[in-house]
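J.: Below is one structure. I have some questions about it.
The values are calculated or read from the model by the stated rules, or taken from the named source; none is laboratory data. Computed from a predicted structure; not experimentally measured. For neighbour counting, all protein chains shown are included, and Cβ atoms are generated from backbone atoms with ideal geometry for every residue, glycine included.
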Amino acid sequence: MSRRILVIGGGASGLAAAIAAAEQGASVTVLERLPRVGRKILLTGNGRCNLGNEHLEARHFHGTYPHAFAIMQRFDTKRFFREMGLYTRTDAEGRMYPASGTAASVLDALRFRAEQLGVQMLCDRQVTGLRQAGRKWYAFCGDTQFSADAVIAAAGGSAAPNCGTDGSLFPILRQLGLTVIQPRPALCPIPTDPASVKPLKGIRVRAAASAIVDGKCVRTEHGEVQFTESALSGICMFNLSRITAMHGKHTEIALDLLPDYSDAECAEILRELVRQRGTLPAGDLLSGLLPKRIGEVWVKAALGTAHAAAGELLHAEPAQRHLLEMLRGRRFPVTGTASFAQAQVTAGGAAGQCLTKSLEAKGLPGLFLCGEAVDTDGDCGGYNLTWCWASGTYVGKQAANQNNM
Ligand SMILES: Cc1cc2nc3c(=O)[nH]c(=O)nc-3n(C[C@H](O)[C@H](O)[C@H](O)COP(=O)(O)OP(=O)(O)OC[C@H]3O[C@@H](n4cnc5c(N)ncnc54)[C@H](O)[C@@H]3O)c2cc1C
């Protein structure tokens, strides 16, 4: 008789797990709390779904599960989708997207394949409890009970709760004895002092952004920074946000607005600009180098005014040095953490030390975890979905073949 497997959560990792288990001949049921499966997939990559990345490197992944990268290295995202009739294309940065250009075709491919394999997808079923008795597992959705030989917990984390991920499975996992590392929002804007960013609201600039924890630089990202009413945003901020969420108010963000030049080159550029534009208001000094509003705000922050003539304000070397220091590393205090509603992923989740190499809960045979439910998260660029497809497929196979291994 085929093994019965319950998958909790019909998101990216749950659908991948269901397909893999069914391909091994298991009888699979997905329990999804929302009226439809895969809601979050439709929102990914601004509706285009950045489903993977050609440049798979360990530095793009974080968390306590030590075997995550090895699982991903053995997984071929392109092939996974090609085998279900979905073609991909890759951009210059290595980010993979569906060839159709729409996330809906990714969800369709997963749903078609799951349906072909006879996976039962039960929606509007929120799992409220899990119990093991002998070699069987029981999942409870209110008064209804489902039994199985193995359970795959693929209920995601707490990020983007509008997609069904409210963290409701974490207390259930804790009750079973698993350690759950406190979930924190990641891949989200970084809140800062509104007075320093509000005047720049809506502006984007290329920069090197560094997370400074207790005065020490712990990570630098290059890319576009966006200013909002009360936060710093953009992909490089998203990638730093897991650090700021962890260290909170001990953190500052330093922005280098001239990352392509050496210190000596920057000093020379400034001297030249003062020669060329010395009679103009200081606020206009940098408009040939940076977005005009940024130049004005930075000059005002460094020199107290942007109205006086640039030559007057900057004739002395210390004033030039001060402006240069601001341009190369103006600090923004981190004033808090964005909400889960603003976050794309969850840092934290089931701790690596509670899981075996097979992503099975230690001491709870037959309970497997995958996707964001595990304390593994990736940078922007398709890395999070890579983890979901790879870990889902991996546990699907493990769960289906457990007795044969
Ligand atoms: C706006 C946005 C854009 C993103 N863009 C990208 C991108 O382009 N590339 C990328 O790699 N990553 C992206 N991500 C991250 C990526 O979508 C997630 O990491 C990934 O979807 C997580 O998959 P998962 O299977 O772990 O969980 P989810 O996909 O979140 O699925 C979990 C499912 O479990 C269900 N569930 C939860 N609790 C229960 C319960 N108790 N009982 C039953 N069902 C339950 C939920 O309703 C949900 O359907 C994006 C995220 C967001 C929010």
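J.: With the condition kept exactly as written, say whether any residue in the range 242-249 is within 16 Å of the ligand (Cβ to nearest atom) and in a helix (DSSP H, G or I).
T.: Within the range 242-249 (the criterion being within 16 Å of the ligand (Cβ to nearest atom) and in a helix (DSSP H, G or I)), the answer is yes, since at least one residue qualifies.
J.: Go through (1) surrounded by fewer than 20 Cβ atoms within 10 Å (Cβ to Cβ); (2) at pLDDT 95 or above; (3) within 22 Å of Ala341 (Cα to Cα) for Ala264 and report which single condition fails.
T.: Ala264 satisfies every listed condition except (3).
J.: Quick one: in the range 40-55, which of the residues that are more than 6 Å from the ligand (Cβ to nearest atom) and charged (D, E, K, R) is farthest from Gln344 (Cα to Cα)?
T.: Per the criteria, the residue is Glu54.
J.: Just to check your reading of the model, which residue among Gln120, Gln145, Gln116 is under 17 Å from Ala22 (Cβ atoms) and without any contact (Cβ under 8 Å) to a residue 24 or more places away in the chain?
T.: Criteria check complete, one pass: Gln116.
J.: Cβ-Cβ under 7 Å, sequence separation 6+ or interchain: first residue in the range 344-355 and touching a residue at least 12 places away in the same chain (Cβ under 8 Å) and on the phi < 0 side of the Ramachandran plot, partner among the acidic types (Asp, Glu) and part of a helix (DSSP H, G or I). Which pairs?
T.: If the second residue must be among the acidic types (Asp, Glu) and part of a helix (DSSP H, G or I), the pairs left are Val345/Glu372; Thr346/Glu372.
J.: Pull up the range 21-39, narrow it to residues that are away from the ligand (no atom under 13 Å from the Cβ) and not β-branched (Val, Ile, Thr), then point me to the one that is surrounded by the most Cβ atoms within 10 Å (Cβ to Cβ).
T.: Per the criteria, the residue is Ala21.
J.: Name the strands (runs of 3 or more DSSP E) wholly inside the range 118-223 in which the number of residues that are more than 30 Å from Leu289 (Cβ to Cβ) and within 14 Å of the ligand (Cβ to nearest atom) is 2 or more.
T.: The qualifying strands (runs of 3 or more DSSP E) are 120-122, 129-133, 136-141, 144-148, 150-153, 180-186.
J.: Here are the criteria: (1) touching a residue at least 40 places away in the same chain (Cβ under 8 Å); (2) among the β-branched types (Val, Ile, Thr); (3) out of contact with any Asp or Glu (no Cβ under 9 Å at 6 or more places or on another chain). Tell me which single one Ile235 does not satisfy.
T.: Of (1) touching a residue at least 40 places away in the same chain (Cβ under 8 Å); (2) among the β-branched types (Val, Ile, Thr); (3) out of contact with any Asp or Glu (no Cβ under 9 Å at 6 or more places or on another chain), only one is false for Ile235: (3).
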